[in-house]
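Input: a single structure, listed below in structure tokens.
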Amino acid sequence: MGWGLIRLYAIAVYGFMFLPVLVVVLLSFNANQFGSFPMTGFSLRWFEALWNNDAVMRAFRTSLILGLMTAVISTTLGILASLALVRYRVPGRNLITTALIAPILVPEVVLAVALLLFLNWLGIGKSFVLLLAGHVVFTLPFVILVVQARLVSIRRDVEEAALSLGASPVQTFFAVTLPLLMPAVAAGALFAFTISFDDITGTLFWKPGGVETVPTQIFSMLRNSISPEINALGTVMIVMTVGLPLLGAGIARSLATKRGK
Amino acid sequence: MSIERREARQPWILLSPALGAVALLLFVPLMFIVVYSFWLRSATGADTVGFHLDNWQKALSDPFYRYILLNTLKIAAITTLLCALLGYPAAYFIARSKGNKMILLLLLMLPFWISYIIRTMSWINILGASGAVNTALMSLGVISSPIQMLYNEAAVILGLIHFLLPFMVLNVYVSLEGIDTNLEDAATSLGATRWQSFLQVTLPLSLPGLAAGGLLCFVLGAGTYITPLVLGGPRDAMFANLVFEAIITQLNWPLGSALSLLLLAVLGALVAIYNRYLGMAQLAKGLG
């Protein structure tokens, strides 16, 4: 098999991955009254309809709040745990790491059922608290993987220098370790936010009746009737979950080059 | 308190919030549903506490459940195989490309960031009655009325491949990157054709990545219920749909517990076999 053939094959695979998504974006600007093919012209009417759709806007607010809270809690827990695992000699380190990664090894449906039934038994039914608890536990492993990988590459001498100059461990953490760790913290938080913002598998089990996040809102729009606004909503989601991280990476890079000068 | 004792306690103070969260929100709940699966749902509302084997008997012997379980494994296996066939050459292309590898890899990672539900529903725009394919075929005059391409098993598999392919490519790419290209050059200089050196050197060395990608595709594919709900017909339920039905629709939580534990056991056995022969390290490489 020649290299040309492999390249052609790879291009076809890329096409397969991207064409359906591009079609969503394309159709969201369609003037056609059903929002489907054929394209009849360029229009922002579906975005306008989205803006005026109370259910969708409520779902957005819920998803944003949930995603932000998940990111804050997960990142905090993740940093603390990563510090312990990388900076201290902890007995049973491998076992602990496996335990902390376990939420992504268990199928999400099973995690969803177990958490729902257990917290319900404790008296916490389907609620925002349950949603938050669920989102924190399955985003935590990603934060830990990202932060740990970065922490390993920060040299210990810098921290020891601060300590030997009389800084307390807490001062050292905030003045030395945390600033060096910032890219990983930001990446971990972004990861947690995006995963939470996108989640549907667990969310459908945990959300109280009447509360929707953006993905469950899309899901119910799909099931009831395929409304044309759905492609516009998809486009907004793509911009949020792809555009924001790219923007963040871009800002980080420009900051890094400025500092380098 | 001595400094050593304080030193020894510090990591546990740092670890306790995360470990506590995972214990309270994952491990204890899992143990709880083990107990719950032996309770009984009663007509009056409150579940009957006790030790009853009824749920397990139903989960393990009901022919419909068994059929769905086998069908789920079949769908996951087909999806994994197709992901390998599509993903391997693409990963090989990225790994051996002279161009900008990072851009190529980033492009393929983008779908990870695009919501699963949107990627799934995007196929309705392609395959639906007024989707791209039908519209194109009708305007070309090939067909006079739309062909039904959605809401069947093939559409479910297509949606799953679209969801899982990046996992496969990423894992294969990571292991291909780890191979010393001098080995291939050595093989060709000793007279092997490029195809022979690929088959006898590169492919065997990249098998761990292929296996890791395959495991992820299989486990994630077999645990989904959204794809069959969006792209499948009423007859295309997968095992996780049974769990969803039992818990959300029928409110039969004890039965739902037994069914989810059965799914966990089947997929857990696969992960255990993988871990026994290949170890978790490869999987961690692909995730990080």
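For the stretch A:36-49, name all the residues that are surrounded by 20 or more Cβ atoms within 10 Å (Cβ to Cβ) and in contact with a helix residue (DSSP H, G or I) (Cβ under 6 Å, 6 or more places away or on another chain). Answer for the stretch A:36-49, where residues must be surrounded by 20 or more Cβ atoms within 10 Å (Cβ to Cβ) and in contact with a helix residue (DSSP H, G or I) (Cβ under 6 Å, 6 or more places away or on another chain): A:PHE37, A:TRP46.
Residues that are more than 7 Å from chain B (Cβ to nearest Cβ) and over 24 Å from the mean Cα position of the chain (by Cα) within the stretch A:2-25 comprise A:GLY2, A:TRP3, A:GLY4, A:LEU5, A:LEU8, A:ILE11, A:ALA12, A:GLY15, listed in sequence order. Scanning the stretch A:133-172 for residues that are in contact with a helix residue (DSSP H, G or I) (Cβ under 9 Å, 6 or more places away or on another chain), surrounded by fewer than 18 Cβ atoms within 10 Å (Cβ to Cβ) and hydrophobic (A, V, I, L, M, F, W, C) yields A:ALA149, A:VAL152, A:ILE154, A:VAL158, A:ALA161, A:LEU163, A:ALA167. The set of residues from the stretch A:33-65 being aliphatic (A, V, I, L, M) and closer than 24 Å to A:PRO208 by Cβ comprises A:LEU50, A:ALA55, A:VAL56, A:MET57, A:ALA59, A:LEU64, A:ILE65.
Applying the criterion of at least 3 residues that are surrounded by 21 or more Cβ atoms within 10 Å (Cβ to Cβ) to the helices (runs of 4 or more DSSP H) found wholly in the stretch B:186-244 leaves B:203-222, B:226-231, B:239-244. Note on the stretch B:144-192: among residues that are of a type in the set (D, E, K, R) and under 24 Å from the mean Cα position of the chain (by Cα), the one that is modelled with the highest pLDDT is B:GLU153. A:ALA114 fulfils the conditions (1) outside any helix (DSSP H, G or I); (2) under 27 Å from B:ALA76 (Cβ atoms) except for a single criterion, (1).
One residue alone among A:ALA184, A:ALA175, A:ALA192, A:ALA133 is hydrophobic (A, V, I, L, M, F, W, C) and modelled with pLDDT under 85, and that residue is A:ALA184. Is at least one residue of the stretch B:275-284 in contact with a Cys (Cβ under 8 Å, 6 or more places away or on another chain), touching a residue at least 60 places away in the same chain (Cβ under 8 Å) and closer than 21 Å to B:PHE112 by Cα? No: the stretch B:275-284 contains no residue that is in contact with a Cys (Cβ under 8 Å, 6 or more places away or on another chain), touching a residue at least 60 places away in the same chain (Cβ under 8 Å) and closer than 21 Å to B:PHE112 by Cα. Suppose we keep only residues that are farther than 13 Å from B:PRO166 by Cα and buried (at least 18 other Cβ atoms within 10 Å of the Cβ) within the stretch B:80-102. Which one would you say is nearest to the other protein chains (Cβ to nearest Cβ)? Among them, the one singled out is B:PHE93. Kindly provide the set of residues from the stretch A:107-141 that are closer than 21 Å to A:LEU77 by Cβ, in contact with a Gly (Cβ under 9 Å, 6 or more places away or on another chain) and more than 8 Å from chain B (Cβ to nearest Cβ), ordered by number. Within the stretch A:107-141, A:ALA112, A:LEU131, A:HIS135, A:PHE138, A:THR139, A:PRO141 meet the criteria.
Under the condition of being touching a residue at least 40 places away in the same chain (Cβ under 8 Å) and more than 23 Å from A:ILE65 (Cβ to Cβ), the residues counted in the stretch A:213-226 number 0. When the stretch A:67-89 is limited to residues that are farther than 20 Å from B:LEU24 by Cβ and facing another protein chain (nearest Cβ under 7 Å), the one that is nearest to the chain's Cα centre (by Cα) turns out to be A:LEU83.
The residues listed here are B:ALA8, B:ALA46; of these, the one that is at pLDDT below 90, surrounded by fewer than 18 Cβ atoms within 10 Å (Cβ to Cβ) and under 30 Å from A:THR139 (Cα atoms) is B:ALA8.
Restricting the first member to the stretch B:11-32 and to residues that are facing chain A (nearest Cβ under 8 Å) and surrounded by 16 or more Cβ atoms within 10 Å (Cβ to Cβ), and the second to residues that are outside any helix (DSSP H, G or I) and not aromatic (Phe, Trp, Tyr), the beta-carbon pairs closer than 7 Å and six or more apart or on different chains are B:PRO11/A:VAL90; B:LEU26/A:VAL106.
Note on the stretch B:173-193: residues that are within 12 Å of chain A (Cβ to nearest Cβ) and closer than 17 Å to B:LEU107 by Cβ total 1. The residue list A:THR40, A:THR62, A:THR98 contains one member that is at negative phi, at pLDDT 90 or above and hydroxyl-bearing (Ser, Thr, Tyr), which is A:THR62.
The values are calculated or read from the model by the stated rules, or taken from the named source; none is laboratory data. Remember, predicted model here, so these are calculated numbers, not experimental data. Here Cβ is always computed from backbone atoms with ideal geometry, including for glycine, and neighbour counts include all displayed protein chains.
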